Amino acid sequence: MAGVVERMGRAGHPPLDRLTPDEAKASYEKGAGVLEVPKPELARIEDFHIAARDGHAIPARLYAPSAEVLPVLVYFHGGGFTVGNIRTHDTLCRVLSQKSGCAVVSVDYRLAPAHKFPTASNDAWDAFQFVATQGASLGLDGARLAVGGDSAGGTLAAVCAILARDAGLPVALQLLIYPGMAAHQDTDSHRRHVDGPLLTKAMIDFFFGQYVNTPADREDWRFAPLLADDVDGVAPAWIGLAEADPVVDEGIAYADKLRAADVAVDLEIYRGVIHEFIKMGRAIPEALQAQNDAARALKEALTP
């Protein structure tokens, strides 16, 4: 991991927080696949759109290892609600589908600063409801359903798990990969990793500065699921965290919140790795382990 961080430094690319939002989007996408494993081939890869509540057509991509009617993971990419898209997480979604034997629907929710809070949450929930209620139209089994995401996408997945409980939609698993969970970045791990590696305080401030309308948005549980009134009865969780990551403490805190509500939690903390590590399988063995662990959790939850 230290070698990867050193090579990143030598590459000399400016941090995303020193770019305009459009430049940050382009820079993140350009670098997204550099350390990833080769893209697995799958039987089905199909692009389609989901109607949002305001009529916007949300792009989505379906991955499936066969043409059978399969259980499905609805997946939300990371990127601080500001960068990232279906393309930047294409390899990861392929890997999760191939290794789990399940379908994956990757959702291209709208990004800041053009679309501020709570647009991302609304798009995520609209997409999730579509798959849950109309998945059969895609040849999917909407009754065997998981929700997941990494970083900001993990935040959206946790939100959808709570909303699904309230709506009576069955969810077999919430798959949370180093998710953002807190209203404010004031934990010990945030203090330890002010300067990263990779994810710095300046970058987090940049992302959230694009996303929130006012500081009050941070106190909404859809921004910070740790603030949810209760999580009783939400889906069981698989939570994968990186040890050397500003958000690790809030991930642990959310696992504690779920366990206190008698929600089953499988918590894995991968030692010596940083935020984004799960997309570094070409260089980091822990990334391959995390991919295998996440896929196994999906398979066990969706194909008992």
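The values are calculated or read from the model by the stated rules, or taken from the named source; none is laboratory data. Just so you know, these numbers come straight off a predicted model, no measurement behind them. When we count neighbours, we look across all protein chains shown, and the Cβ atoms used for this are built from the backbone with ideal geometry, even at glycine. Note: areas computed on protein heavy atoms with side chains; ligands, DNA, RNA excluded. Shrake-Rupley method; radii C 1.70, N 1.55, O 1.52, S 1.80 Å.
Assorted remarks:
- In the range 63-115, of all residues being in contact with a Phe, Trp or Tyr (Cβ under 7 Å, 6 or more places away or on another chain) and of a type in the set (S, T, N, Q), the one that is nearest to LEU42 (Cα to Cα) corresponds to SER97.
- For the range 220-233, the condition of being part of a helix (DSSP H, G or I), in contact (Cβ under 8 Å) with a residue 12 or more places away in the chain and in contact with a Ser or Thr (Cβ under 8 Å, 6 or more places away or on another chain) holds for at least one residue.
- Among residues of the range 248-265, those that are assigned to a loop (DSSP other than H, G, I, E, B) and either in contact with a helix residue (DSSP H, G or I) (Cβ under 7 Å, 6 or more places away or on another chain) or not β-branched (Val, Ile, Thr) (or both), counted: 3
- Residue among ALA52, ALA60 that is surrounded by 17 or more Cβ atoms within 10 Å (Cβ to Cβ), in contact with a Phe, Trp or Tyr (Cβ under 7 Å, 6 or more places away or on another chain), small (Gly, Ala, Ser) and over 18 Å from GLY281 (Cβ atoms): ALA60
- Selection within the range 1-53 - assigned to a strand (DSSP E or B) and either at pLDDT below 95 or not aromatic (Phe, Trp, Tyr) (or both): ARG44, ILE45, GLU46, ASP47, HIS49, ILE50, ALA51
- Whichever residue in the range 163-179 is open to solvent by 20 Å² or more (accessible area, probe 1.4 Å) and of a type outside the set (Val, Ile, Thr) and, among such residues, is nearest to PHE223 (Cα to Cα): LEU163
- Residues being of a type in the set (D, E, K, R) and either in a loop (DSSP other than H, G, I, E, B) or open to solvent by less than 70 Å² (accessible area, probe 1.4 Å) (or both) - total across the range 180-194: 1
- Looking across the range 195-212, the residues that are open to solvent by less than 40 Å² (accessible area, probe 1.4 Å) and part of a helix (DSSP H, G or I) come down to MET203, ILE204, PHE206, PHE207, PHE208, GLN210, TYR211.
- The number of residues in the range 95-117 being surrounded by fewer than 20 Cβ atoms within 10 Å (Cβ to Cβ) and within 16 Å of the chain's Cα centre (by Cα) comes to 1.
- Here GLU300 meets each of (1) closer than 30 Å to ALA103 by Cβ; (2) part of a loop (DSSP other than H, G, I, E, B); (3) not hydrophobic (A, V, I, L, M, F, W, C) with one exception, condition (2).
- Breaking point among (1) in contact with a helix residue (DSSP H, G or I) (Cβ under 7 Å, 6 or more places away or on another chain); (2) under 23 Å from PRO236 (Cβ atoms), for ILE58: (2)
- So ARG282, is it touching a residue at least 60 places away in the same chain (Cβ under 8 Å), surrounded by fewer than 21 Cβ atoms within 10 Å (Cβ to Cβ), over 15 Å from the mean Cα position of the chain (by Cα) and part of a helix (DSSP H, G or I): no
- Check on LEU42, over 15 Å from GLN98 (Cα atoms), touching a helix residue (DSSP H, G or I) at 6+ places or on another chain (Cβ under 8 Å) and buried (at least 17 other Cβ atoms within 10 Å of the Cβ): no
- Restricting the range 1-17 to residues that are over 14 Å from ALA283 (Cα atoms) and touching a residue at least 40 places away in the same chain (Cβ under 8 Å), the residue that is least open to solvent (accessible area, probe 1.4 Å): LEU16
- Any hit, the range 263-272, residues being open to solvent by 30 Å² or more (accessible area, probe 1.4 Å), under 19 Å from MET1 (Cα atoms) and small (Gly, Ala, Ser): yes
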